[in-house]
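Novice: What follows is a single structure, and I will ask about it in a moment.
No value in this document is a laboratory result; all are computed from the given coordinates. Owing to the predicted nature of the structure, the values given are computational and were not obtained by experimental measurement. Methodologically, a virtual Cβ is constructed for each residue, glycine included, from the backbone with ideal geometry; neighbour enumeration extends over all protein chains shown.
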Amino acid sequence: GENVGLHLPTLSVQEGDNSIINCAYSNSASDYFIWYKQESGKGPQFIIDIRSNMDKRQGQRVTVLLNKTVKHLSLQIAATQPGDSAVYFCAVNTGNQFYFGTGTSLTVIP
Amino acid sequence: ETGVTQSPTHLIKTRGQQVTLRCSSQSGHNTVSWYQQALGQGPQFIFQYYREEENGRGNFPPRFSGLQFPNYSSELNVNALELDDSALYLCASGTTGNYGYTFGSGTRLTVV
């Protein structure tokens with residue numbers, strides 16, 4: 001199995017600042033990781049993914065860092081905007097099954 | 001527009017009843033997964049279908065069952081509903097070898 005946890009259930013940041021959301025997992029066999037964004041009333045939306053043979057991947061305004069040694073990954077959002085307000089989940093693939101954390105609710109203060 | 005559509009969007013059922021939820025996968029996708037998301041929690045994997053066969057299952061009892069059809073639409077069936085089955089049920093479709101699943105907006109099931 002897999003235990004996935006996010007370090008903070010809530011996070012508030014000022015508009016324009018950078019946001020960092022952290023996630024820990026337990027199974028060293030986990031080989032694929034995805035960050036999802038979920039807005040109220042909607043399903044999770046894919047943000048960025050990373051495979052276990054990488055330690056960093058960048059997208060538009062987002063960066064995912066993976067530290068397999070301590071089984072930790074993070075999502076960095078640059079220049080956070082009000083539209084980034086949502087719940088963020090990390091999903092960890094272990095044995096062809098995805099395990100989700102409980103989510104971090106990000107609030108962007110204008 | 002996610003490309004994955006679920007119906008109905010909301011549903012109220014009585015304890016002990018049976019329910020069928022439906023999902024239409026995104027064009028070109030050949031796998032479908034179902035998740036249960038309780039309020040304030042992350043989605044929990046129920047099962048996955050590929051080529052109309054179940055090829056992965058989470059920690060859910062047999063009263064949760066599913067079907068995938070040749071046109072890649074699918075159903076989630078839940079028998080003998082319990083109050084704790086109240087949740088948002090999410091369908092996600094994808095392509096084998098590519099884990100970037102696309103989620104639908106879900107069906108909100110309330111069991112009373």
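Novice: Along the stretch B:29-44, what does the Karplus equation 6.51 cos²θ - 1.76 cosθ + 1.60 (θ = phi - 60°) give for ³J(HN,Hα), rounded to whole Hz, x for Gly and Pro?
Specialist: Whole-Hz 3J(HN,Hα) from phi for the stretch B:29-44: 8, 10, 10, 9, 10, 10, 10, 10, 10, 6, 4, x, 10, x, x, 10.
Novice: Right, another one. Specify the inter-centroid distance of the stretch B:31-61 and the stretch A:39-68, based on alpha-carbon positions, in whole Å.
Specialist: Centre-to-centre (Cα) distance: 21 Å.
Novice: With θ set to phi - 60°, apply the Karplus curve 6.51 cos²θ - 1.76 cosθ + 1.60 along the stretch A:45-60 and write out the HN-Hα couplings as whole Hz, x wherever there is a Gly or Pro.
Specialist: 10, 4, 10, 7, 10, 8, 9, 5, 8, 10, 10, 7, 8, 10, x, 6
Novice: Taking A:LYS68 as the anchor, which aspartates and glutamates have their alpha carbon closer than 18 Å to its alpha carbon, excluding any fewer than eight residues away along the same chain?
Specialist: Partners within reach: A:GLU2, A:ASP31, A:ASP49, A:ASP55.
Novice: Next question. Test of understanding: given chain B, find the longest segment containing no trypsin sites (Lys or Arg not before Pro) that are in a DSSP loop and have at most 16 other Cβ atoms within 10 Å.
Specialist: B:64-112
Novice: Taking a ≥ b ≥ c as the square roots of the Cα gyration tensor eigenvalues, with a/c under 1.5 meaning rounded and otherwise prolate when a/b beats b/c, else oblate, which class fits the stretch A:22-69? Let's see the in-between values first.
Specialist: On the way: a/c = 2.51, a/b = 1.53, b/c = 1.63.
Note, shape of the stretch A:22-69 comes out oblate.
Novice: Which residues' amide hydrogens lie under 5 Å from the amide hydrogen of A:THR80, considering only partners 5 or more residues apart or on another chain, with H built in the peptide plane?
Specialist: The list, which skips near neighbours in sequence, is A:GLY16, A:ASP17, A:ASN18, A:SER19.
Novice: Ok, one more. With springs only between Cα atoms under 10 Å apart, run a GNM on chain A and tell me which of A:SER74, A:SER40, A:SER30 wobbles the most.
Specialist: Evaluated over chain A, the most mobile residue of the options is A:SER40.
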